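Taking it in order: structure first as structure tokens, then the write-up.
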Amino acid sequence: MNSPLRPLALLLFGGCMAPLGTALADSARTMPRVVPPAYTQECASCHTAYPPGMLPAASWQRIMTGLDRHYGTDASIDPATVQQIGQWLEAYAGTYKRVAEEPPQDRITRSAWFERKHRKVEPTVWKLPSVKSAANCSACHPGADQGDYDDDKLRMPAGLSARQRWIWRD
């Protein structure tokens, strides 16, 4: 097609596809559309229902086979449920570059990308009563339980000092 409309069509098509590429690149951080009820019932009853794309499959495998010693807690569940949740986590596990590296102790909060995204958060913030730990994503990300970690939707947790609020706005 050598019409005068060709550059316009390419510009419009390219402009529409650019955001789509970005959305697809970030989609592994969001919660898959279909979430097994067992995942919500068993895992999200104690902590944030982390999107499976936040860890590689090997990390999820180790986590699911070590539920009797799940970060200092016995989170054992029946074998059929372990298999169901484990298969789902592995099917949707992170495969993109950012998550390819298995974090120390298979902790999302110890991954390089997590530490990079939270580098300005002072250690004292994680200990605030309104936050409790770095694993309490919903303290700052109100949509965390739905897999929404959009930086534009952050909320300041209660108890920040004036300096910490200033850093937060930076």
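At-a-glance table
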item: Residue ID - farthest from the chain's Cα centre (by Cα), chosen from residues in the range 102-138 that are part of a loop (DSSP other than H, G, I, E, B), among the hydrophobic types (A, V, I, L, M, F, W, C) and within 18 Å of P51 (Cβ to Cβ); result: A134
item: Residue check, A75 in contact with a Leu (Cβ under 9 Å, 6 or more places away or on another chain), modelled with pLDDT of 50 or more and within 20 Å of I108 (Cβ to Cβ); result: yes
item: Hits in the range 61-79 (condition: polar (S, T, N, Q) and not in a strand (DSSP E or B)); result: Q61, T65, S76
item: Extreme residue, farthest from A44 (Cα to Cα), among residues of the range 139-170 that are of a type in the set (G, A, S) and in a helix (DSSP H, G or I); result: A162
item: Tabulated pairs, the range 141-170, first modelled with pLDDT under 90, second surrounded by fewer than 12 Cβ atoms within 10 Å (Cβ to Cβ), C-beta under 9 angstrom, 6+ apart or interchain; result: I167/K120; W168/K120; D170/K120
item: Among residues of the range 91-101, those that are part of a helix (DSSP H, G or I) and either surrounded by fewer than 17 Cβ atoms within 10 Å (Cβ to Cβ) or not assigned by TED's automatic domain parsing to the domain that holds Y39 (or both), counted; result: 3
item: Pick from the range 102-122, criterion touching a Phe, Trp or Tyr at 6+ places or on another chain (Cβ under 9 Å) and either within 17 Å of Q61 (Cβ to Cβ) or touching a residue at least 60 places away in the same chain (Cβ under 8 Å) (or both), ranking: surrounded by the fewest Cβ atoms within 10 Å (Cβ to Cβ); result: Q105
item: Complete set of residues in the range 73-101 that are in contact (Cβ under 8 Å) with a residue 24 or more places away in the chain and touching an Asp or Glu at 6+ places or on another chain (Cβ under 6 Å); result: I77
item: Which listed residue, of T22, T40, is modelled with pLDDT under 90 and among the hydroxyl-bearing types (S, T, Y); result: T22
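The values are calculated or read from the model by the stated rules, or taken from the named source; none is laboratory data. Note that this is a predicted model, so its numbers are computed, not measured. Quick reminder, even Gly has a Cβ in these numbers, built from the backbone with ideal geometry, and neighbours come from all protein chains shown.
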